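Below: one structure, written as structure tokens.
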Amino acid sequence: MRRIIVDSGSSIKIHEKEIYGVDILPIQLQMGEESFLDGVNLSTEEFYTRLKDSSQFPKTSLPSLEDTQKLVDDYTSQGDEVLIITISSGISGTYQAMKMLFDEYDNVEVFDSKLAVGGIRFLVDEARKYENESMEFVIDKLNKLIPRIMIAAVPETLDYLLAGGRLSRSSWMLGKLLSIIPIITFIDGKVEVLAKKRGIKLSRKALIEQIQADKADKSYGIIAAYTYNKDNVETLIDMLPEDYKGAISVYDDLCSSIACHWGPNAYGFIYVKEN
């Protein structure tokens, strides 16, 4: 049997683990003097209260390697093979740590998603399509899908991108002065700016134009991603043509380890581009 393990940077929640058929490794989150496990012992409401009030930006660290090894050993001891899909190595050390930990395991594959959140959901679904195929076959399919996955999102404020080191101070100041809002994406496994628009209305329009230009493959569904408040993403969906509205398959209130960088009230789409 093939087991799939992801970290919480996938934004797959504990209550969804049976739906996706995965085990979830919680990223560790330090807020002030307290430590939490992403998605386990910190509610969304409490996280955003702390994020808004705290003078200290949250620090994230790897999932517990000890717990991960125990989980993997339990599976391999019963003859299962394991596929670990991690958040992008461009923004986290999880992939490198897991690769080292399981380097000598013949039946464990550690795979760098080069993505985060909904992008990993698509990879899990893809892997599940080929459960009866070899691991090599599955990895080839995942590698072919990654370039087609688009994450395009708009933060309501630039403050959290600055605090998390994802935006330079000069870009932050310019954005504040001119109401410049970046549309952020993943390119080669790293967070990059896809476009810059002046004001929220133009940034929304750009997201709609992007998903149409990419000809999102509706057979995969479209993930409506947001942080804390659904209102912004609902407004965005209202702007979509009807056939795209019908393809919305998941509303994803993003995990805390990602939301701390996007900030509250961010929103966007995650989808698979036409092949």
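The values are calculated or read from the model by the stated rules, or taken from the named source; none is laboratory data. Small disclaimer: the values here were computed from a predicted structure and weren't measured. Cβ: placed from backbone, ideal geometry, glycine included. Neighbour counts: every protein chain shown. To get the accessible areas, we keep the full protein, side chains included, count just its heavy atoms, and leave off ligands, DNA and RNA. Shrake-Rupley method; radii C 1.70, N 1.55, O 1.52, S 1.80 Å.
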First in segment 159-180 and farther than 18 Å from SER203 by Cα and part of a loop (DSSP other than H, G, I, E, B), second anywhere and open to solvent by less than 60 Å² (accessible area, probe 1.4 Å) and modelled with pLDDT of 70 or more, Cβ under 7 Å, 6 or more apart: GLY164/PHE57; GLY164/CYS260; GLY164/HIS261; ARG166/VAL191; ARG166/HIS261
Filter result for GLY79 (modelled with pLDDT of 95 or more, open to solvent by 50 Å² or more (accessible area, probe 1.4 Å) and small (Gly, Ala, Ser)): yes
Among residues of segment 190-215, those that are free of Cβ contacts under 8 Å to residues at least 40 places away in the same chain, open to solvent by less than 60 Å² (accessible area, probe 1.4 Å) and touching a helix residue (DSSP H, G or I) at 6+ places or on another chain (Cβ under 9 Å), counted: 2
Given (1) outside any helix (DSSP H, G or I); (2) within 15 Å of VAL6 (Cβ to Cβ); (3) not β-branched (Val, Ile, Thr), index of the condition TYR75 fails: (1)
Output for segment 216-246, where each listed residue is surrounded by fewer than 18 Cβ atoms within 10 Å (Cβ to Cβ), touching a residue at least 24 places away in the same chain (Cβ under 8 Å) and closer than 13 Å to PHE269 by Cα: ASP217, LYS218, THR235, MET239
Some residue of segment 258-272 being surrounded by fewer than 21 Cβ atoms within 10 Å (Cβ to Cβ), over 29 Å from SER61 (Cα atoms) and not aliphatic (A, V, I, L, M): no
Pair list, Cβ under 7 Å, 6 or more apart: segment 252-268 residue acidic (Asp, Glu), other residue assigned to a strand (DSSP E or B) and open to solvent by 10 Å² or more (accessible area, probe 1.4 Å): ASP253/TYR226
Any hit, segment 5-18, residues being over 22 Å from TYR160 (Cα atoms), among the hydroxyl-bearing types (Ser, Thr, Tyr) and modelled with pLDDT of 95 or more: no
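Quick one: would you say GLU131 is in contact (Cβ under 8 Å) with a residue 60 or more places away in the chain, of a type in the set (D, E, K, R), out of contact with any Ser or Thr (no Cβ under 9 Å at 6 or more places or on another chain) and assigned to a loop (DSSP other than H, G, I, E, B)?
Considered against the rule, which asks whether it is in contact (Cβ under 8 Å) with a residue 60 or more places away in the chain, of a type in the set (D, E, K, R), out of contact with any Ser or Thr (no Cβ under 9 Å at 6 or more places or on another chain) and assigned to a loop (DSSP other than H, G, I, E, B), GLU131 comes out as yes.
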Boolean, ALA97 is surrounded by 23 or more Cβ atoms within 10 Å (Cβ to Cβ), out of contact with any Phe, Trp or Tyr (no Cβ under 6 Å at 6 or more places or on another chain), small (Gly, Ala, Ser) and within 25 Å of GLY79 (Cα to Cα): no
Restricting segment 100-115 to residues that are open to solvent by less than 50 Å² (accessible area, probe 1.4 Å) and among the hydrophobic types (A, V, I, L, M, F, W, C), the residue that is nearest to ILE149 (Cα to Cα): LEU115
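Can you tell me which residue among LEU62, LEU51, LEU42 is at pLDDT 90 or above, under 25 Å from CYS260 (Cβ atoms) and either touching a Ser or Thr at 6+ places or on another chain (Cβ under 9 Å) or among the charged types (D, E, K, R) (or both)? Reasoning before the result, please.
Details: LEU51 fails: at pLDDT 90 or above; LEU42 fails: at pLDDT 90 or above.
Answer to the selection: LEU62.
Residue by residue, here is whether (1) charged (D, E, K, R); (2) part of a strand (DSSP E or B); (3) without any contact (Cβ under 8 Å) to a residue 40 or more places away in the chain holds:
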residue: SER89; (1), (2), (3): no, no, no
residue: TYR95; (1), (2), (3): no, no, yes
residue: GLU104; (1), (2), (3): yes, no, yes
residue: ILE120; (1), (2), (3): no, no, no
residue: ALA127; (1), (2), (3): no, no, no
Failed item in (1) farther than 18 Å from VAL6 by Cα; (2) assigned to a helix (DSSP H, G or I), with GLU156 passing the rest: (2)
Selection status of ASP73, open to solvent by less than 60 Å² (accessible area, probe 1.4 Å) and without any contact (Cβ under 8 Å) to a residue 12 or more places away in the chain: yes
